[in-house]
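Structure first, then comments.
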Amino acid sequence: KQEVTQIPAALSVPEGENLVLNCSFTDSAIYNLQWFRQDPGKGLTSLLLIQSSQREQTSGRLNASLDKSSGRSTLYIAASQPGDSATYLCAVRPLTYSGGGADGLTFGKGTHLIIQP
Amino acid sequence: NAGVTQTPKFQVLKTGQSMTLQCAQDMNHNSMYWYRQDPGMGLRLIYYSASEGTTDKGEVPNGYNVSRLNKREFSLRLESAAPSQTSVYFCASSQEGTSYGYTFGSGTRLTVV
C-alpha cells in the first residue's frame, strides 16, 4: 500500500526566506505527483503536477522536483510572502491508472506553513 | 467559472438519517472522485468513477453509495449516517490522457450528531 509522508508537519519562517517542503512515497510505481495548497476551511488548489518521466516543474516562485527512484519530491518556495501561508499537500497517482486499473490519489498529511510578516 | 461544484456546503444530520451530496463538473472530465478529510488522517478516497456508468471503491467505501448520473454529475449517498461519518467531503475530477491533474470542489462540511 502506498504511503506518503510530508516533512515537516509545520513550519514557521519570516517573510522573504526561501524554503523547502519535503514529500516521500513508498511505492515508486507512480503515474504522477501533484502539489496542492489548502487554505483554512477551503478546498484544494493545484499548484504543480509532475509526470513520472519529468524531473521538475516550475510556476512563478514555486519549483517542484521529483526523484521517482528514491521516492522523493520537494517543493521549493522562493522569497516567501505572508500570502503563502497555508497547508501544502503532496499526492501521488498510481501507475495502475494508466493501464485502466485502480485510480485515486494517495495524499500526505500536509505541511502547515506560516509566513511571518 | 469552470470547475467542480459541490452542494450543500454545510449539513448537520442526526444519526440514522440519510442524505445525498451532490457534485457537478463542467470541464468535460471523464473521471470523478469522492474524498473525505479528517484531522490527523488526511484525505482518503471513498469512491471514484472512471467514466459514465462505472464506479469503483476506494480506501474507505463502507457506509457510502455513489451514482454517476451522467458525465457531469457524481453523487455520494449516506443511507444511515453515523457520527464516524462526520468529516469534510471533497469531490474532484480529472482528465486522463493529458498532463492535467485533479480539480477539487470547495467541500461539504458534514456533522452527524
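The values are calculated or read from the model by the stated rules, or taken from the named source; none is laboratory data. Remember, predicted model here, so these are calculated numbers, not experimental data. Don't worry about glycine lacking a Cβ; one is built from the backbone with ideal geometry, like all the others, and counts go over all protein chains shown. Just the protein is used for accessible areas: all its heavy atoms, side chains included, with ligands, DNA and RNA removed. Shrake-Rupley method; radii C 1.70, N 1.55, O 1.52, S 1.80 Å.
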Practice problem: Please name whichever of A:LEU21, B:GLY3, B:ASN70 sits farthest to the positive end of the charge dipole of the protein assembly as shown, dipole taken about the Cα centre and charges placed at Cβ: Lys and Arg +1, Asp and Glu -1. | Solution: B:ASN70
Practice problem: For chain B, give the magnitude of the charge dipole about the Cα centre (Cβ charges: +1 Lys/Arg, -1 Asp/Glu; no others), in debye to the nearest 20. | Solution: 280 debye
Quiz item: For chain A, which whole percent of the accessible surface, found with a 1.4 angstrom probe, sits on carbon and sulfur atoms?
Solution: 50 percent
Quiz item: Taking the Cβ-Cβ separation of A:TYR76 and B:GLU59 as r and a Förster radius of 41 Å, what is the calculated FRET efficiency to the nearest 0.05?
Solution: 0.85
Quiz item: Just how far, in whole angstrom, is the stretch A:68-117 from the stretch B:45-113 if you go by their alpha carbon centroids?
Solution: 20 Å
Quiz item: Once the dipole of the stretch B:10-113 is set up with Lys and Arg at +1 and Asp and Glu at -1 on Cβ about the Cα centre, which of B:GLY107, B:LEU13, B:MET27 lies farthest towards its positive end?
Solution: B:LEU13
Quiz item: Near A:LYS42, which aspartates and glutamates are there with a Cα under 15 Å away, not counting those fewer than 8 places off in the same chain?
Solution: A:ASP84, B:ASP38
Quiz prompt | Student exercise, the protein assembly as shown dipole from Lys, Arg, Asp, Glu Cβ charges, in Debye to nearest 20 | solution = 360 debye
Quiz item: Ordering A:LYS1, B:LYS57 from largest to smallest accessible area (1.4 angstrom probe), what's the sequence?
Solution: A:LYS1, B:LYS57
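Order the following by accessible area, largest value first: A:TYR31, A:TYR97. Probe radius 1.4 Å; ligands, DNA and RNA are ignored.
A:TYR31, A:TYR97
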Self-check item: Whole-number percent relative contact order across chain A, with pairs defined as alpha carbons under 8 Å at least 6 apart
Solution: 36 percent
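Hey, could you grab the Kirkwood Rh for the protein assembly as shown? Inverse mean 1/r over distinct alpha carbon pairs, Å, one decimal.
It works out to 18.1 Å.
Got the relative contact order for chain B handy, in percent, Cα pairs under 8 Å and 6 or more residues apart?
Computed value for chain B: 36 percent relative contact order.
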Quiz prompt | Solvent-accessible surface (1.4 angstrom probe) belonging to A:ILE114, in square angstrom, nearest 10 | solution = 80 Å²
Self-check item: Inter-chain Cβ neighbour average for residues A:98-109, partner chain, 10 Å
Solution: 6
